[in-house]
């Protein structure tokens, strides 16, 4: 079984190929809002590095968000198109799961925090379990102030990870028991996507391309700006 993983929900875009042998190849880049123009060459690159033809892919996995609307749409649309073309099933994994997974060996409460812009954060909480992590709260959007208050009220030792934790670091730096993860773990990883998707694939936890839905959590910025403009014009 070969899995192609595509993630693009943040300012970073990446892809990876792997299966029962682990991750065979991966590539990531952060080039502003150039997700669409970077993704196809990346897929070609990881296929070449893994010595795999795209036609050999048997599952397409994708980061379904939450995340930045434009990047998320690029990744999900591309993944669905590839899965339709290859006639293979899909697996969706949230960006917050991907951020939390690399620190799965941490025994503290893991809080994944992805920058949502507009002075907000997408976040979810996780606990270590045998073999990985378990999400113990649903993905949500929250202000840095409110997340800081939640962590302050918690009695848990906390490992805070994600680019949201970095962007709004001033809100968390003085909280007792809250430790930031290293900056190198700030973004969702396509390698983590392939690893998590492989476990799901073994359980045949698939969705059809026509059934896969992104997790936006809120309306895109353009719609909000248009709505505010209409209010002003009235």
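Derivation of every value follows stated rules applied to the coordinates shown; laboratory data play no part. All of these numbers come straight from a predicted model, not from anything done at the bench. Glycine also receives a Cβ, built like all others from the backbone with ideal geometry; neighbour counts cover every protein chain displayed.
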Taking the chain and dividing mean pair separation by its residue count, relative contact order in percent (alpha carbons under 8 Å, at least six apart): 23
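Relative contact order of the stretch 96-185, please, whole-number percent, based on alpha carbon pairs below 8 angstrom and at least 6 residues apart. Mind showing how you got there, number by number?
Numbers: 171 pairs, mean separation 26.3, N = 90.
Rounded, it is 29 percent for the stretch 96-185.
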Most mobile of 142, 121, 91 in a GNM of the chain (Cα contacts under 10 Å): 142
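So how much slack lies between residue 34 and residue 135, counting 0.36 nm per residue of separation and subtracting their Cα-Cα distance, in nm? Walk me through the intermediate numbers first.
Values: separation 101, 0.36 × 101 = 36.36 nm, distance 3.09 nm.
Answer, rounded to one decimal: 33.3 nm.
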187, 206 arranged by Cβ crowding within 10 Å, fewest neighbours leading: 206, 187
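Within a 10 angstrom radius of the beta carbon, how do 63, 205 rank from fewest other beta carbons to most?
Values: 63 33, 205 12.
Result, fewest neighbours first: 205, 63.
Give me the extension gain from residue 156 to residue 207: residue separation times 0.36 nm, minus the current Cα-Cα distance, reported in nm with one decimal. Intermediate values should be presented prior to the final figure.
Numbers: separation 51, 0.36 × 51 = 18.36 nm, distance 3.56 nm.
Going from the current span to full extension adds 14.8 nm.
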Listed candidates (i) 1.13; (ii) 1.18; (iii) 1.03 - label of the one calculated as Cα Rg over 2.2 N^0.38 Å: (iii)
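In whole percent, what relative contact order does the stretch 1-121 give with Cα contacts below 8 Å and a gap of six or more residues?
Details: 216 pairs, mean separation 31.0, N = 121.
Relative contact order for the stretch 1-121 comes out at 26 percent.
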Dmax and Rg, reported as Rg then Dmax, of the stretch 96-185 (C-alpha, Å): 11.7, 37
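Taking the highest mean first, how do the peptides 51-59, 2-10 order by number of other beta carbon atoms within 10 angstrom per residue?
Numbers: 51-59: 14.3, 2-10: 28.7.
Order by mean packing, descending: 2-10, 51-59.
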Most fluctuating residue given options 38, 125, 155, as computed from a GNM of the chain linking Cα atoms under 10 Å: 155
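I'd like the antiparallel share, as a percent to the nearest 5, of DSSP beta bridges with both residues in the stretch 98-221. Kindly include the intermediate steps, with their values, before the conclusion.
Numbers: 13 of 20 bridges.
For the stretch 98-221, the DSSP antiparallel bridge percentage is about 65.
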Residues 168, 126, 101, sorted so that the one with the fewest Cβ neighbours within 10 Å comes first: 168, 101, 126
The chain - mean residue ellipticity at 222 nm from DSSP helices (-39,500 (n - 2.57) per run, n ≥ 4, rounded to 500): -10500 deg cm²/dmol
GNM top mover of 95, 78, 26 - the chain, alpha-carbon springs below 10 Å: 78
Nearest-0.05 FRET efficiency for residue 81 and residue 218, computed from C-beta distance (R0 22 Å): 0.30
